[in-house]
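*Asks:* Could you have a look at this structure, given as structure tokens, before my questions?
The values are calculated or read from the model by the stated rules, or taken from the named source; none is laboratory data. Note that this is a predicted model, so its numbers are computed, not measured. Counting neighbours? That spans all protein chains shown, and the Cβs are built from the backbone with ideal geometry, glycine included. To get the accessible areas, we keep the full protein, side chains included, count just its heavy atoms, and leave off ligands, DNA and RNA. Shrake-Rupley method; radii C 1.70, N 1.55, O 1.52, S 1.80 Å.
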Amino acid sequence: MTDHLTITRTVRLPDKVRLARFARTPELGPRVLFFSGGSALNPLSRRLINYTHNSIHLITPFDSGGSSAVLRKAFGMPAVGDLRNRMMALADQTVQGNPSIYALFAFRLPKDQSQGELSARLDSMILGRDELVAAVPDPMRKIIRNHLGYFRNEMPQDFDLRGASVGNLVLVGGYLNNNRHIDPVLFLFSKLVEVRGTVRPIVNKDCHLAVNLADGSKVIGQHLLTGKEVKPITSAVQSLYLVNGLDDHTPAEVVIRDKIRGLISEAELICYPMGSFYSSLMANLLPGGVADAVAKKGCPKVFIPSTGRDPELVGTPVHETVHRLITQLQANADKAIPVDRFLNFVLVDSEHGDYPGGLDKRAIEELGVVIIDTDLAQKDKATRLDPDKLLGALLSLV
């Protein structure tokens, strides 16, 4: 007697009956897993909660720019900004108090004020006198004040508060108060703001992203790769890996925890979504154990190439990004594993979508995956995918 069966079925895109079923009972919705980071998936996440409350989001904690860089340097910790962003995108905004929490978590301290003024503003928040904190109902208000207070007590004297995300400060305070464990903090806030899904970092380690470029140079730090804080790279990425620090370029030996393996094993569909190809997607696949956990799971696996320009890809055609995704997973696996255990479908819109590097469908099919070519792009904006159309296609494959 066997415990596992493989069943095939014909799929209509979008499957309106299936979507309607999910919309009626989202609390019983499918466990769709996303490897991602950044903000590209947030519009889709906000709509996803209408169909399922069981999605899984494994997030890269390697951001090394902006206020995340200041926090990581001060406390030697993973980045929390992308975790905060995704939790708030998945939060149920109909729950009393959630809009005020969203406003507080999205608020950044002004960059044009002195450290004394910013410290006074932080103290006002801790006391509950600041209007943004006062608008949050209890018990969340007390928890936020406590975590901000813990952060304030641990904050180095030379810590630069300019541009700091208050949401990040709250999470860091909770992280420090929980013996440098991030999962209890994420669990607590997920419950309090009714996050309709599970959000976790792929690893709970203080590592950084490094890449080798085709011109022989190296880039150490995610912020130097994305093209947001410095000029975009002009040479293609040849390989990427994790290092112990921005000043310690020793390759990091990082393995996912059993709980992350468990989340991957629960997935009913695995999605490699659009976004910054290397820093948001591929970085998630680097830790040991990810590739093997994906290969063991016999569910559909889908890659969604970004439309519009991705500075990290330097004009790389879609079939080459598909090839790099597959080879990265195969290289990280403990043994030789066929392509179909890592990737089954590539979801594109050849008629309306904008793929600057080119879209060679035959070259993609020769890699051993199936192309699903359907209407995905926003009307009159080929550089952006429509989240509702994308959800219709994705959820129909579950």
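*Asks:* Can you find, among Leu209, Phe107, Gln96, the residue farthest towards the positive end of the dipole of the chain? Put +1 on the C-beta of Lys and Arg, -1 on that of Asp and Glu.
*Replies:* Sorting the options by dipole projection puts first Gln96.
*Asks:* Here is a follow-up. Comparing Thr307, Thr226, Thr234, which has the greatest mean-square fluctuation in the GNM of the chain with Cα pairs linked when under 10 Å apart?
*Replies:* Thr234
*Asks:* Here's another thing I want to ask about it. If I ignore ligands, DNA and RNA and count only protein heavy atoms, how much of Glu229 is accessible to a 1.4 Å probe, in Å² to the nearest 10?
*Replies:* My reading of the accessible area for Glu229 is about 110 Å².
*Asks:* May I ask you to derive the relative contact order of the chain, considering only C-alpha pairs under 8 Å and at least 6 residues apart, and to give it as an integer percent?
*Replies:* 18 percent
*Asks:* Kindly identify the range 355-398 as rounded, prolate or oblate by the Cα gyration tensor criterion: order the square roots of the eigenvalues as a ≥ b ≥ c, call it rounded if a/c is under 1.5, otherwise compare a/b with b/c, prolate if a/b is larger, else oblate.
*Replies:* oblate
*Asks:* Too long at a 31 Å Cα-Cα cut-off: which of Lys191/Lys297; Lys142/Lys297; Lys297/Lys381; Lys16/Lys297?
*Replies:* Violating the 31 Å Cα-Cα cut-off are Lys142/Lys297; Lys297/Lys381.
*Asks:* For the range 65-79 and the range 249-298, compute the distance between their C-alpha centroids and round to whole Å.
*Replies:* The range 65-79 and the range 249-298 have Cα centres spaced 22 Å from each other.
*Asks:* Using a cut-off of 13 Å between beta-carbons, work out the net charge of the residues near Arg257 (Lys and Arg +1, Asp and Glu -1, Arg257 not included).
*Replies:* +2
*Asks:* Of the trypsin sites (Lys or Arg not before Pro) in the range 337-398, which ones lie in a loop per DSSP and count no more than 16 other C-beta atoms within 10 Å?
*Replies:* Those that pass, being in a loop and sparsely packed, are Lys379.
*Asks:* While we're looking at this one, here's another question. Ignoring ligands, DNA and RNA, what percent of the 1.4 Å accessible area of the range 141-287 is carbon and sulfur?
*Replies:* It is 45 percent, rounded to a whole number.
*Asks:* Here's another thing I want to ask about it. Around Ile49, under 10 Å between beta carbons, what's the net of Lys plus Arg minus Asp minus Glu among the other residues?
*Replies:* Here the charged neighbours net out to +1.
*Asks:* Now for a separate question. Pick out which of Pro139, Pro99, Pro251 has the largest mean-square fluctuation in a Gaussian network model of the chain, springs linking Cα atoms closer than 10 Å.
*Replies:* Its mean-square fluctuation being the largest, the pick is Pro139.
*Asks:* Give, rounded to the nearest 20 debye, the magnitude of the charge dipole that the chain has about its Cα centre when Lys and Arg contribute +1 at Cβ and Asp and Glu contribute -1 at Cβ.
*Replies:* 840 debye
*Asks:* Now, a different point. Show which lysines lie in cross-link reach of Lys73 when reach means a straight Cα distance below 25 angstrom and same-chain residues fewer than eight apart are skipped.
*Replies:* Once the sequence-local lysines are set aside, what remains near Lys73 is Lys111, Lys205, Lys218, Lys228, Lys231.
*Asks:* Now a separate question. Run down the aspartates and glutamates and flag those whose C-alpha is under 20 Å from the C-alpha of Lys296, throwing out any fewer than 8 positions away in its chain.
*Replies:* Asp3, Asp258, Glu266, Glu268, Asp334, Asp340
*Asks:* Still on this structure, I have one more. Ordering Glu266, Glu312 from largest to smallest accessible area (1.4 angstrom probe), what's the sequence?
*Replies:* Glu266, Glu312
*Asks:* Under the rule of -39500 (n - 2.57) per DSSP H run of 4 or more residues, summed and divided by the residues of the chain, what mean residue ellipticity at 222 nm is obtained, to the nearest 500 deg cm²/dmol?
*Replies:* The per-residue figure over the chain is -10500 deg cm²/dmol.
*Asks:* For the range 287-293, take each phi angle, set θ = phi - 60°, evaluate the Karplus expression 6.51 cos²θ - 1.76 cosθ + 1.60, and give the result in whole Hz per residue in order, putting x for glycine and proline.
*Replies:* Karplus-based 3J(HN,Hα) across the range 287-293 equals x, x, x, 5, 4, 5, 5 Hz.
*Asks:* Sorting Asp15, Asp340, Asp258 by accessible area (1.4 Å probe), largest first, what list results?
*Replies:* The ordering from most to least exposed comes out as Asp258, Asp340, Asp15.
*Asks:* Per residue, how much accessible surface does the chain expose to a 1.4 Å probe? Answer in Å², no decimals.
*Replies:* Normalised by residue count, the accessible surface of the chain is 45 Å².
*Asks:* If you take the square roots of the eigenvalues of the alpha-carbon gyration tensor of the range 162-201 and sort them as a ≥ b ≥ c, do you get rounded (a/c under 1.5), prolate (a/b over b/c) or oblate?
*Replies:* oblate
*Asks:* For Cα extents along the principal axes in Å, which listed value, [x] 61, 54, 51; [y] 54, 50, 36; [z] 77, 41, 40, comes from the coordinates shown?
*Replies:* [x]
*Asks:* When the chain is treated as a GNM, springs tying every alpha-carbon pair under 10 Å, which of Ile372, Ile202, Ile144 comes out with the largest mean-square fluctuation?
*Replies:* Ile372
*Asks:* Just to check, using Stokes-Einstein with a Kirkwood Rh over alpha carbon pairs, what's the diffusion coefficient of the range 4-102 at 20 °C and 1.002 mPa s in µm²/s?
*Replies:* Diffusion coefficient, whole number: 135 µm²/s.
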